[in-house]
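The next block holds one structure in the form of structure tokens; read it before the comments.
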Amino acid sequence: MPRRPLSFALVLLALPLAVSSAQPPAAQSSAKPAPRPWKWSAQANGSLLFGDAEQRILGGRTAVSRSDSVLALDVSLQMLYGDATREDAPRRVTKRLWLGATSLEYQPTGTVSPFLTATFESNLEKRIAARTSLGTGAKHTFVRTKRNEASLSAALLDERTVALAAPGAAADADPRETRVTRWSARARVQHGLDRRLRVTHVTFWRPRVRTTGDFVVLSTSEARYALTRALNVSTSLLVNHDSEATTRGARVNTDGQLLLGVGASW
């Protein structure tokens, strides 16, 4: 079992820093400043339920992107941690999730644009110690305006999953490992209701090639309100379904959470 499941995610975050440091100094000394190609964002969110059982979830997300007419680079890392307690029981960890993703897109302003993608996941609820994938595909953008955007993308992924050891298993037991090929379909819609309020929905459907009954769905719906040019507040609904989760020892195949957050971008 990997003892450092964050190593792959840290590599994803280090990629844009390496690219930016490789830029020639002359490109930064233009007499007329051009629009900043790099964009950064950070967000903290959470939720709290109380009563007979107290549950709390804390999370964060950071992202960096760089785009021009030739290439677009996107890197993101998301974390969620949750625990729960009852009056007659000690507090226990119920959620520990890391999601990392990076993509490199060619000719991002075109109607059809090919891309490379890599992802990382570590998920306590789904009994996943580490899940990595690498693939390639293409995106078709149907709508692109200042306020609105809609696109569909399809990709082929090579995926490797290492399951968490079952509770009580011997420390030297070999972890369960699987390697499969998956299709990945993504639908993304973004709509600006006005200058401050924007809603976004993204859904990934990843069925196994030749066995569509084995699939993963990741869905995010978010409403974001800009307080200033840099600060915003948001409400987001996250849904994660893995049809094979219970076979790894998870209690259910589907989990979700509604989160309130505050973020910044620059």
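Taking a straight Cα-Cα cut-off under 14 Å and skipping sequence neighbours fewer than 8 places away in the same chain, the aspartates and glutamates within cross-link reach of residue 39 are 68, 74.
The dipole here belongs to segment 187-266: it is taken about the Cα centre, uses +1 on the Cβ of Lys and Arg and -1 on the Cβ of Asp and Glu, and is about 260 debye.
Rounded, prolate or oblate: which fits segment 47-183, taking a ≥ b ≥ c as square roots of the Cα gyration tensor eigenvalues, rounded meaning a/c under 1.5, else prolate when a/b beats b/c?
oblate
Averaged over residues, the count of other Cβ atoms within 10 Å places the peptides 208-216, 48-56, 73-81 in the sequence 73-81, 208-216, 48-56, highest first. Simple rule: put +1 on each Lys or Arg Cβ and -1 on each Asp or Glu Cβ in segment 137-258, find the dipole, and look at 157, 191, 243; the Cα lying farthest toward the positive end is 191.
Output the peptides 106-116, 59-69 sorted from most to least packed, where packing is the average of other Cβ atoms within 10 Å over each peptide's residues.
Details: 106-116: 14.7, 59-69: 16.4.
Descending mean neighbour count gives 59-69, 106-116.
Each of 228, 264, 254 was scored by the projection of its Cα onto the charge dipole of segment 192-266, and the greatest displacement toward the positive side belongs to 228; charges sit on the C-beta of Lys, Arg, Asp and Glu. Protection proxy ranking of 227-236, 139-148, 255-264, by the mean of other Cβ atoms within 10 Å over each peptide's residues and highest first, is 255-264, 227-236, 139-148. The relative contact order of segment 212-266 comes to 36 percent, based on Cα pairs under 8 Å that sit 6 or more residues apart.
Values in this text are rule-based calculations from the coordinates and carry no lab data. From a predicted model like this one, the values you see are computed outputs, not experimental measurements. We place every Cβ from the backbone using ideal geometry, glycine too, and count neighbours over all the protein chains shown.
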